[in-house]
Amino acid sequence: MARVAESDLVDSIFVERWSPRAFTDEPVTDAELAAVFEAARWAPSWMNNQPWIYLYATTPEDRQAMLSVFMDYSLAWVSKAPVVGLVLAKTELEGFMGRTRDFDTGAATMSMALQANRLGLHMHLVGGIVLDAAYELTGADRDTTEILAGFVIGRRGDPADLPEGLREREAPNDRNPVSSFAHCGTSLPQ
């Protein structure tokens, strides 16, 4: 299915980005990774707090340790990607700054995904992580840091390499129409 924006003014970078599960094991270069994280650096954040933290693994030893926090269902496809990591956010911010930390971290993560796409890479966020194991592995303090998700970065692989239940899902999906979430006025529609 071809994805089509409702507006001709939307940049193709948004429509082209998607999150495959099939990855090759071809390494992501240090320069490519630097560009992906540089994109996160320039994401908007309230009062420039930049609450995001990304821990990632690329060496066989570190990847094996990082993969240990992913749920079995996700491991079937996550383990092939050459970059495996976790998205964290600082929680010690107070008031409105604390309220926007997840929003800011999401903006930085989207910046990474779009930059990865421009480099011919893909980034897939993964909710299937074991939080207790992730906190133990990283040493993150639950009082000052929240682990939000896992992620992988790599080049698109062959969908035939995926488990049978995921092969048919290995295509960009469509999105809800703008009218389902953007409403002019001051009240939610009834």
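The values are calculated or read from the model by the stated rules, or taken from the named source; none is laboratory data. Small disclaimer: the values here were computed from a predicted structure and weren't measured. Don't worry about glycine lacking a Cβ; one is built from the backbone with ideal geometry, like all the others, and counts go over all protein chains shown. Accessible surface areas use protein heavy atoms only, side chains included; no ligands, DNA or RNA. Shrake-Rupley method; radii C 1.70, N 1.55, O 1.52, S 1.80 Å.
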Amide H contacts under 5 Å for L55, placed H, 5+ residues apart: L86, L88
I'd like to know which of A65, G127, V15 lies farthest towards the positive end of the charge dipole of the chain, counting +1 on Cβ of Lys and Arg and -1 on Cβ of Asp and Glu. V15
Sorted by chain and number, the residues with a modelled amide H under 5 Å from that of A22, at a separation of 5 or more or across chains, are G157
With a 1.4 Å probe and all protein chains left in place, how much of the accessible area of the stretch 1-159 comes from carbon and sulfur atoms, in whole percent? 54 percent
Dipole magnitude of the chain about its Cα centre, charges +1 at Lys/Arg Cβ and -1 at Asp/Glu Cβ only, in debye to the nearest 20? 360 debye
Could you please state, rounded to a whole Å, how far the C-alpha centre of the stretch 1-77 is from the C-alpha centre of the stretch 118-190? 9 Å
Percent of all Cα-Cα pairs per 10 Å bin for the stretch 25-111, counting from 0 up to the last occupied bin, reads 17, 39, 31, 13, 0
Taking N as its residue count, the alpha carbon Rg of the chain over 2.2 N^0.38 Å: 1.09
Å² per residue, accessible surface of the chain at 1.4 Å: 59 Å²
